[in-house]
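Before any comments, here is the structure.
The values are calculated or read from the model by the stated rules, or taken from the named source; none is laboratory data. The structure presented is a predicted model; accordingly, all values stated were derived computationally and were not measured. Virtual Cβ from ideal backbone geometry, glycine too; neighbours counted across all protein chains shown. These accessible areas exclude ligands, DNA and RNA; they are computed on the full protein's heavy atoms, side chains included. Shrake-Rupley method; radii C 1.70, N 1.55, O 1.52, S 1.80 Å.
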Amino acid sequence: NCVVNEKVSEEFEDITAKVKLFESSAEDFIDADEREKESVNDFHMAEVNLVECLMRTNIIERISYILITTKPDEKCLQYCVKILIRIARSRHEFAVRINNKRNLLECLIRQYLPAIETNKQEPCYLIFKLFRILASYDVSINKNLMSLGAVAKAKSYICSQNDVNVNFLKLQIECFRFLRLYYLTTDDEDSFNE
């Protein structure tokens, strides 16, 4: 009996020692992951997670500079907004960072969503796609977009009877999608009744 008990206790100690080797808490993984991200060079980070790599380069500030200062052509605007859409889709934290760039959002609304009557340029439907993705995260983001005038612009485009072309239809569809999400996530009945 003693020999059997000693063998069992030795096996138990071996098993517990092995288990301790593989024990870890979630904090260990988070800390190790964060330390690893900081130590990884940009080239490797781009291979692993392109959006993280872009955020490391302050891409939102760079896009803000391009859109506010240089006033690019339509293609460049579309590419910049597509990058912002991709960033916003990847994480809530990144969507909040875009939302916090008030001058960027104001610029998108003021410069790239003109009134239909002016006919200077066609409004970019991708901007409303970006707004819809941002608004899907948080009610506070919805309120910010409302205060900047995005909801009023969307309503004006929906009610407009401009020349019907493919781009204008895309714009109206994105406006409907954005407003639908806005009304589902907020209790702005006055705007809805309008």
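Key figures
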{"read-out": "Neighbours by Cβ (under 7 Å, 6+ apart or cross-chain): first from the range 69-98, closer than 14 Å to residue 59 by Cα; second open to solvent by 40 Å² or more (accessible area, probe 1.4 Å) and not in a helix (DSSP H, G or I)", "value": "95/137"}
{"read-out": "Residues (within 22 Å of residue 63 (Cα to Cα) and basic (Lys, Arg)) located in the range 127-152", "value": "129, 132"}
{"read-out": "Residue in the range 97-110 that is outside any helix (DSSP H, G or I) and either open to solvent by less than 20 Å² (accessible area, probe 1.4 Å) or out of contact with any strand residue (DSSP E or B) (no Cβ under 7 Å at 6 or more places or on another chain) (or both) present", "value": "yes"}
{"read-out": "Residues (open to solvent by 20 Å² or more (accessible area, probe 1.4 Å) and either under 11 Å from the mean Cα position of the chain (by Cα) or polar (S, T, N, Q) (or both)) located in the range 49-81", "value": "49, 57, 58, 69, 70, 78"}
